There are 6 protein chains.
Amino acid sequence: MIYLTRRETFNAAHRLFRPEYSDKKNLEIFGKCSNPNWHGHNYTLYITVKGIPNSETGMAINLKELSQIIQKYIIEKVDHKNLNTEVDFMYGRMTSIEMIAIAFWEQLKQPILAIGAQLYKIRLEETENNFVEYFGQ
Amino acid sequence: MIYLTRRETFNAAHRLFRPEYSDKKNLEIFGKCSNPNWHGHNYTLYITVKGIPNSETGMAINLKELSQIIQKYIIEKVDHKNLNTEVDFMYGRMTSIEMIAIAFWEQLKQPILAIGAQLYKIRLEETENNFVEYFGQ
Amino acid sequence: MIYLTRRETFNAAHRLFRPEYSDKKNLEIFGKCSNPNWHGHNYTLYITVKGIPNSETGMAINLKELSQIIQKYIIEKVDHKNLNTEVDFMYGRMTSIEMIAIAFWEQLKQPILAIGAQLYKIRLEETENNFVEYFGQ
Amino acid sequence: MIYLTRRETFNAAHRLFRPEYSDKKNLEIFGKCSNPNWHGHNYTLYITVKGIPNSETGMAINLKELSQIIQKYIIEKVDHKNLNTEVDFMYGRMTSIEMIAIAFWEQLKQPILAIGAQLYKIRLEETENNFVEYFGQ
Amino acid sequence: MIYLTRRETFNAAHRLFRPEYSDKKNLEIFGKCSNPNWHGHNYTLYITVKGIPNSETGMAINLKELSQIIQKYIIEKVDHKNLNTEVDFMYGRMTSIEMIAIAFWEQLKQPILAIGAQLYKIRLEETENNFVEYFGQ
Amino acid sequence: MIYLTRRETFNAAHRLFRPEYSDKKNLEIFGKCSNPNWHGHNYTLYITVKGIPNSETGMAINLKELSQIIQKYIIEKVDHKNLNTEVDFMYGRMTSIEMIAIAFWEQLKQPILAIGAQLYKIRLEETENNFVEYFGQ
C-alpha cells in the first residue's frame, strides 16, 4: 500500500458569518474573517489517495486521471469563485477550512473509487500558517 | 548603501473589470479575474528601503519602525478587505497587481522618508506564479 | 473528526552537551552543536489539534484562541531566548529537538483541553533538513 | 516514541515505459514521462525514523549517522545518475515514484535497524505537485 | 515603468561535456554533471518583462498572453525533454544554466516585443542552491 | 554578462547591543535582539557573481570552486558559532544583518576575483521576513 499526493491551487473569496448573528457577534466569533465585503485566499489543496502499485506500470493511480478528477469536481467549481455564493456543494455550509475540506472529501470520494483508488486524506491550506487535514470520518 | 527588505502578508478580495465594458468584454480581457462575485488572494508584500548603516547601531533603519509603518499605512487598510470597495487609496483604480504596487509606493514613500530611510522597491506577489516590482518611476 | 494545524516561528540559541562529559566527548557525540559559545536557529513549530467542527460556526477550534495559547505557553517563553538557560520548562533537559517537542507537548496539553480541543501532534523543525513529530506517547 | 525526519535531495534522469509496449501505448499510459531520450527531476527525499530519545543525549538517533547511511545507501547511488540504467537496486523495476520509494525502503531498513532505530516512512517528492509516502507494507 | 514576472516550471534531462575532451577531463571540469547516462532537474523559470500599465486595464501586459508565449516558445520545447539532443535552439550549445538562460532570452525577445512589452530578465533555477539571471547583454 | 548565484545556509548565535549603553537603552533600540543570553538564526546566504560564460565550458564560473570559496571564507568561520565572540572578521562590529553582509563582501571579494569572476551581490536572510542586499558600495 502506497500513499500518493497531488497538489493543486485555487484562488477564491469567502466570508465567515451566520446571518442570524448580529454584526457584532459575527465579528466577535469570526474576527476579520466576517467582513461583509469579502476577503480571499490562495488555497493550496493536497489530495492523498492510497493504493497498491500496478505490477505492470508501477503506478498506484494514473496521476493524469487523478488530476483531471480534481479539476472537474473541485478546481473548476471553486477557482476564482465566491465560496459562499457560487459553489453548489457549499450552499448552506460555513466556508471555514474545516467545512470546505469535508465538502471536498464528499465530492471526490466516489470519482476516485471509480478509477480504482481510495481517497485517504484532504489537506487544505488557507494561509502559510493555517491548514486542516480530513480523513473521511 | 545597503538594501533592507521586510516581508508582510495580507489576504484580500478583488475583481478586475471596467463598469463601462460589457460582461463579455470584461471576461475577454480580464479572464476569470473579472468574476462579479469576487475572488481573492494571499498577497505577499516585500518592502525594500535603502540607507547607510548607522555607525553606532549597525542598522540602516529600525526594522520595528519600518514594520509599524507598513502595518499602519498598508496592512490595516487592506488585510481581510475588499480592494475594490473598501480601500480609500484604491478608489477609482484598477486592482491589478501593477496598480496596487504603485498605490502602495505612494502610501509608503513619505512615512519612510520621515524615519530617515528611502523607499527603493515594492514587490507584490499575487500567487506563486505572478508578481510585480515597482521602483517609483 | 478533523485535524487543524497552526504554524508559529521563533528564534533561539541553544547548545547540546552534558556537563559531566569532557569537551572531546561532547564534540564526538553532539558535533558542532556542542559549541560552548552557543549557536541558534529559526525554529518552525506546527501545533495540530483534533476536534469535531461546531455545527454553528463550522470551526473545530477558534484559531485565534489557539494562537493565543501557543503565544502564552510557548512563544513568549522561547522567542529570542537561550533554550538552555532561560526557559523554565527546559531546566535540566537536553535541548535536542526531540526533548523540546516533548516539553512543548506538556506545556500545551492542558490549556488546549481547556478550550475544548485535543492536542494531536507537535512538529518542530530546526532547519529545512531536520524535524521531529511527537504524538504524546 | 518520537518521529525524526531527515531531508536529502538528489538530481536524476529517468523514463517511464515498458519495452514490450509500442511507443504509442507507452505514450498513452505514461504521457510525456515516456520520452525515450529521458527527462529528469530534482527529487526531495524525507526519511522518517522512530525511536525513544536516549535519556543521556536526548536524541532518538544520531542525525549525523542517519545522514551518513542515507548518503551511502541512497544518495551516492542515485545522485546525478540515470535511475533506469545505472542504479543496481532499480534494475528490472519501473522508475515511478511509487517503485523508487519502495526500493529506498528496502535499501534503508536494515542499516537503520543496525544503528538502533526503526525506519518509519519514506516520502519522495518528484515535483512540487507530486509525491508519495511509503510505510513498509 | 513596472516589472512583471511570470513563473513557469519544466523538467528535463541534460549533460555537461565536450565531445573532444576525454572522459577524465570532462569529469574534472564538469564533475557529476558530465555523467554520460544523463541526469535531470526540475527547472524553475522566471520571465520578467517591463512596461507601463495601460490606463484602462491597469495591466502592463496581459499575463495570459505572456504565459502563452512562454508555453509556445519555451515550455513545449523543453518540458520532459533532453536539452542536449531534442531542443532545436540548444543544438551545438553547452546546456549549462548560463547558456540555457541566454538561449531562452533569444527565443522570447521578439515574441514579447510583438505583444507590446519588453523582455527585461530571464532567471533560471536549476536547484534550490544554483540559479542565473540574464538581462540580454 | 551573466549573474550566477549560489545559496548556502548556516546557523549561528548573536546579540545586538552596545556595551556602553544601559540594558534599558539596549532593549529600547534593539528590542528582543539585545537579550544578553543570546538568541540565534538559520541564516540563508545568496552569493551572486557576474561574468561572461566561457566559450568552451559555457560556465561563467566553476560553481564547485565558488562553493569551496564560500565554505572556506564564510561557512567554516560562522556555522554553529557565536557571531559576536567567535568570528575574527566580526570583532568590534555590530552583528546586524547589514554589518554581517558588508563583512561577508570584504571576505569574498578578493578570493572570487582570484578565480576570475567578480562578486556582484551579497544577500543575507535572517528570517523569512527580513533580509538585506549589499552591492559593495
Quiz prompt | Selection count, the range D:1-24, where residues are touching a Ser or Thr at 6+ places or on another chain (Cβ under 9 Å) and assigned to a helix (DSSP H, G or I) | solution = 1
Quiz prompt | In the range C:12-61, residue nearest to residue F:131 (Cα to Cα) [restricted to those that are at the interface with chain F (Cβ under 9 Å from one of its Cβ atoms) and among the hydrophobic types (A, V, I, L, M, F, W, C)] | solution = C:12
Self-check item: Matching entry among E:101, E:60 (being in a helix (DSSP H, G or I) and of a type outside the set (Lys, Arg))
Solution: E:101
Practice problem: Please state which of the following conditions residue A:7 fails to meet, knowing it meets all the rest: (1) closer than 20 Å to residue A:74 by Cα; (2) more than 12 Å from chain B (Cβ to nearest Cβ). | Solution: (2)
Exercise. Looking only at the range A:123-137, count how many residues are touching a strand residue (DSSP E or B) at 6+ places or on another chain (Cβ under 6 Å) and more than 7 Å from every other protein chain (Cβ to nearest Cβ).
Key: 5
Quiz item: If you go through the range F:110-124, how many residues are under 14 Å from residue F:73 (Cα atoms) and not β-branched (Val, Ile, Thr)?
Solution: 5
Quiz item: Is it true that residue F:128 is among the acidic types (Asp, Glu), open to solvent by less than 30 Å² (accessible area, probe 1.4 Å) and either more than 15 Å from residue F:5 (Cβ to Cβ) or free of Cβ contacts under 8 Å to residues at least 40 places away in the same chain (or both)?
Solution: no
Exercise. Output the number of the condition that residue D:34 fails; it satisfies all remaining conditions of (1) open to solvent by less than 30 Å² (accessible area, probe 1.4 Å); (2) farther than 30 Å from residue E:32 by Cα; (3) free of Cβ contacts under 8 Å to residues at least 60 places away in the same chain.
Key: (2)
Quiz item: Scanning for something open to solvent by less than 10 Å² (accessible area, probe 1.4 Å) and within 9 Å of another protein chain (Cβ to nearest Cβ), does the range D:75-82 turn up at least one residue?
Solution: yes
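Looking only at the range E:4-31, filter to residues that are of a type in the set (S, T, N, Q) and open to solvent by 10 Å² or more (accessible area, probe 1.4 Å); which one of those is nearest to residue D:9 (Cα to Cα)?
Going residue by residue through the range E:4-31, those that are of a type in the set (S, T, N, Q) are E:5, E:9, E:11, E:22, E:26.
Filter once more, so that each one left must be open to solvent by 10 Å² or more (accessible area, probe 1.4 Å): E:9, E:11, E:22.
On the way: E:9: 18, E:11: 16, E:22: 29 Å.
Residue satisfying both the conditions and the ranking: E:11.
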Quiz item: Which one is nearest to the other protein chains (Cβ to nearest Cβ) among residues in the range E:83-98 that are over 13 Å from the mean Cα position of the chain (by Cα) and either small (Gly, Ala, Ser) or assigned to a helix (DSSP H, G or I) (or both)?
Solution: E:92
Quiz prompt | Residue among B:52, B:61 that alone is open to solvent by less than 20 Å² (accessible area, probe 1.4 Å) and either within 30 Å of residue B:4 (Cβ to Cβ) or of a type in the set (S, T, N, Q) (or both) | solution = B:61
Exercise. Identify the single condition in (1) touching a residue at least 40 places away in the same chain (Cβ under 8 Å); (2) surrounded by fewer than 19 Cβ atoms within 10 Å (Cβ to Cβ); (3) more than 14 Å from chain E (Cβ to nearest Cβ); (4) closer than 24 Å to residue E:96 by Cα that residue F:114 does not satisfy, given that it satisfies every other one.
Key: (1)
Self-check item: Count of the range E:88-111 residues which are loosely packed, with under 15 Cβ neighbours inside 10 Å and of a type in the set (Ser, Thr, Tyr)
Solution: 1
Quiz prompt | Count of the range B:38-59 residues which are under 14 Å from residue F:29 (Cβ atoms) and in contact (Cβ under 8 Å) with a residue 40 or more places away in the chain | solution = 1
Quiz item: Taking residue A:115, is it of a type outside the set (S, T, N, Q) and at pLDDT 95 or above?
Solution: no
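The values are calculated or read from the model by the stated rules, or taken from the named source; none is laboratory data. Quick caveat: nothing in here was measured; it's all calculated off a predicted structure. When we count neighbours, we look across all protein chains shown, and the Cβ atoms used for this are built from the backbone with ideal geometry, even at glycine. For the accessible areas, the whole protein counts, side chains as well, though only heavy atoms, and no ligand, DNA or RNA atoms are used. Shrake-Rupley method; radii C 1.70, N 1.55, O 1.52, S 1.80 Å.
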